[in-house]
Amino acid sequence: MAKKIVTALLGAAVLGMGAQAAQADTLSDVKAKGFVQCGVNSSLAGFAAPDAQGNYAGFDVDYCKAIAAAIFGDATKVKYTPTTAKERFPALQSGEVDVLARNTTWTINRDTALGFNFRPVNYYDGQGFMVRKSLNVKSALELSGAAVCVQTGTTTELNLADYFKANNLQYNPVVFEKIEEVNAAYDAGRCDVYTTDQSGLYAIRLTLAAPDDHMVLPEIISKEPLAPAVRQGDDKWFDIVSWVHYALINAEEFGVTQANVEEMKSSPNPDIKRFLGAEADSTIGADLGLDNNWAVNVIKAVGNYGEVFDRNIGAGSPLKIERGLNALWSKGGIQYAPPIR
Amino acid sequence: MASTQSSYVRAQMIAAEPPPPGVTGAAHWLKTNLFATPKDTILTVIALLLLAWYVPQVLNWLFFNAQWMGTDRSFCATVVQSGGSQPEGWSGACWAFIGSRFDQFIFGRYPIDERWRPTLVGILFVALLVPLMIPKVPYKGWNAILLFVVLPVVSFFLLVGGVFGLRHVETSLWGGLMVTLILSFVGMAVSFPLGILLALGRRSPMPVIKTLCVTFIEIVRGVPLITVLFMASVMLPLFMPQGVTVDRFLRALIGFSIFASAYMAEVIRGGLQAIPKGQYEGADSLGFSYWQKTGLIVLPQAIKIVIPGIVNTFIGMFKDTSLVSIIGMFDLLGIIRQNFADVSWASPVTPLTGLIFAGFVFWIFCFGMSRYSMFVERRLDTGHKR
């Protein structure tokens, strides 16, 4: 009972914060200060990590750049706040960051009680398993009695327990605090199975002594739709963040790339012309509070969704993650965007 | 009287005989220290075998098999690790990773064309610290004022910028060894005087001062540093009005200094306790005021006694700086671990190499502090040796 009261009080406090934040007009604030403050992961391979010059690079970082490009026409007008898993929500609630592009799973609790808004899912992830090929296991259902390496304090641990319980399987969790420890333990053979989000499994496979001896099992045991988050109650800002993603998807559908975006402005296809703000008396930007060529700026800065994906986590990167669910709806995936018109 | 010369009394000393064979030299040392008893012999042989087995492996891994040059992961990954160039089964330190990211490990994400600023601060710091540490160099007073008063102000403007045409560099871009050193220097420079005041306050007969000091010390010392940092980074922003933020680095710096002061106060109080009552009474009988008595008689003796404790606290603080990585600041260890996530360097040996490098840098600084404190102890040793 006491716990319930505390939860309710905390919820109320957080809601209070949300309401307070709601009065703010983030777009005007951002325009006034001259940059977007973007919350990113402090380090996650392919999503946000420092490059050789110490600049952040990655899939989530490109979303920050895209939002800055949409508003200012300049992808460099963005500042990053590296956040840990625990810090990210207070950072967004308190207004320390304007948008959180930090591989954050969209859940009902975060959408409602924490006072955030999520809409477009920029990466469909899910928890998976990696095993040694020599185990001859073809499905996670054959893993009864296995020792499973898992990082503690994550939802991963909980999903794992749920999955094995639901399927009436036994397992021995081998739990570590730091990700490097989990990697070392799995590579040294202290456990048979490694479980974390599938995008992470691909990154970890790269650091194993013999990556080809390991395989990722087909089962996905949890839904992890990763989406950029904003504070509830500022619909204008929410729209901008959402439509930046939709612009990236639409660009891929239309075949508009970083290289050909200028030529495409004079495309005979009226849909593309409208999308790129090249149609006479277009208001696609003005309605959002942006320039009409905002989509052009976004694509010039980071390319279309496919390019962003390939460069950071897909075929063009060492991670080589398959598009899978993240392919366009027309190509067997579920990435779908409403039309821009 | 003069003819007391006796022929059987020697006029000069006989030269000392060399020690008998078998009690000097390497052979004797070996016999007494390593092979004195059968048990010793067995232990020595086992230890030597272990060393012979282990040391070459470590040396091979660290130096002979190591990859020194390279631009990406292909230099440190083996052929079976998609895209590597090393032969299968290879394992060695990936110093190329350290080399390619060295600047980042020192400066964090500080803009590259502005990195002369922290470098200049570093040079000034060394130029002021070294003469202060060598006893023979004169003008200690001025030197100390320059180091502890002028340098922090100059460094602040140099590092933060925004004045005199220097570009503003926000602290979220700071990182690496630079952050480690700034945090520990400020922590030490603040905690030492504040610790002395708190320790004196705790022994004060004035009830209000005493209560304040005791409360401060006990509360701050009773809370883990990680909690202080966490409160400062997660809770504080929620209680501030919308749009008002206190710089993260400043929050960490304040939390850190306060924490170190509480520890320092207790160390110095230990020294104060050790001063015999006669010293206080002697000073009183000379008509010294409280501050004269404390400054001239009590503190010089008390601090000399607790040098090991003070240095112990300093070393602990230096290593505690890596806790700031939990609040999204990247000290040396934090920035190295952050770079593990860079897929262009992903290989099995990269994390290990990075951690060894971090350990080595921390060790250099801590060992340096420890040796210097021993030198100071010997120099100030005025007859209290037991």
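Remarks
- Per-residue mean of C-beta atoms belonging to partner chains within 10 Å, peptide A:82-94: 5
- Ranked packing of A:74-87, B:320-333, most packed first, by mean Cβ within 10 Å: B:320-333, A:74-87
- Out-of-range pairs (alpha-carbon distance over 22 Å; input B:Lys210/B:Lys277; A:Lys31/A:Lys300; A:Lys133/A:Lys165): A:Lys133/A:Lys165
- Counting only GluC sites (Glu not before Pro) that DSSP places in a loop and that have at most 16 other Cβ atoms within 10 Å, the longest clean stretch of chain B runs over B:171-386.
- Vicinal HN-Hα couplings computed from phi for the range A:28-38 (Karplus, 6.51 cos²θ - 1.76 cosθ + 1.60; Hz; Gly/Pro x): 5, 4, 4, 5, 5, 7, x, 7, 9, 9, 10
- Averaged over the residues of A:198-210, the number of partner chain Cβ atoms lying within 10 Å of the residue Cβ comes to 4.
- Looking at the range B:163-198, the chymotrypsin sites (Phe, Trp or Tyr not before Pro) that sit in a DSSP loop and have at most 11 other Cβ atoms within 10 Å of their own Cβ are B:Phe164.
- Distant-in-sequence amide contacts of A:Tyr171, defined by a placed amide H-H separation under 5 Å and a gap of 5 or more residues or a different chain, comprise A:Gly145.
- Protection proxy ranking of A:121-130, B:226-235, B:48-57, A:195-204 - average other beta-carbon atoms within 10 Å, highest first: A:195-204, A:121-130, B:226-235, B:48-57
- Amide hydrogen neighbours beyond the local backbone of B:Phe330, cut-off 5 Å, H modeled: B:Gly176
- Test item: B:207-216 mean partner chain Cβ contacts at 10 Å: 0
- Computed packing ranks the peptides B:347-353, A:185-191 as B:347-353, A:185-191, most packed first, by mean other Cβ atoms within 10 Å.
- Chain A, helix-only ellipticity at 222 nm - DSSP H runs n ≥ 4, -39,500 (n - 2.57), divided by all residues, nearest 500: -11000 deg cm²/dmol
- Set of lysines near A:Lys33 by C-alpha distance (under 20 Å), chain-local residues within fewer than 8 positions excluded: A:Lys65, A:Lys77, A:Lys79, A:Lys236
- Per-residue 3J(HN,Hα) values for the range A:80-89, derived from phi via the Karplus relation 6.51 cos²θ - 1.76 cosθ + 1.60 with θ = phi - 60°, read 9, 10, x, 10, 8, 4, 7, 7, 4, 6 Hz in sequence order (x marks Gly and Pro).
- Whether the range A:126-224 is rounded, prolate or oblate, judged on the alpha carbon gyration tensor where a/c under 1.5 counts as rounded: rounded
- Estimated 222 nm signal from helices in chain B, with DSSP H stretches of n ≥ 4 weighted -39500 (n - 2.57), rounded to 500: -19000 deg cm²/dmol
- In Hz, Karplus ³J(HN,Hα) per residue of the range B:142-155 (6.51, -1.76, 1.60; θ = phi - 60°; x = Gly, Pro): 4, 4, 5, 4, 4, 6, 9, 10, 6, 4, x, 5, 4, 4
- Calculated FRET value between A:Ala85 and B:Asp284, using beta carbons and R₀ = 35 Å, to 0.05: 0.05
- Percent accessible area from carbon and sulfur atoms, the range B:175-329, protein chains only, probe 1.4 Å: 72
- Taking label points 7 Å from Cα along the Cα-to-Cβ direction, B:Thr215 and B:Leu30 give a separation of 6.9 nm.
- Cysteines in the protein assembly as shown that lack a partner Cβ within the 4.7 Å cut-off: B:Cys213, B:Cys366.
- Rounded to 10°, Cα long-axis angle of helix A:235-254 versus longest principal axis of chain A: 80
The values are calculated or read from the model by the stated rules, or taken from the named source; none is laboratory data. Keep in mind that what you see is a predicted model, and the values were worked out from it rather than measured. Ideal geometry is used to build each Cβ from the backbone, glycine not excepted, and the neighbour counts take in all protein chains shown. What goes into the accessible areas is simple: the full protein's heavy atoms, side chains included, and nothing from ligands, DNA or RNA. Shrake-Rupley method; radii C 1.70, N 1.55, O 1.52, S 1.80 Å.
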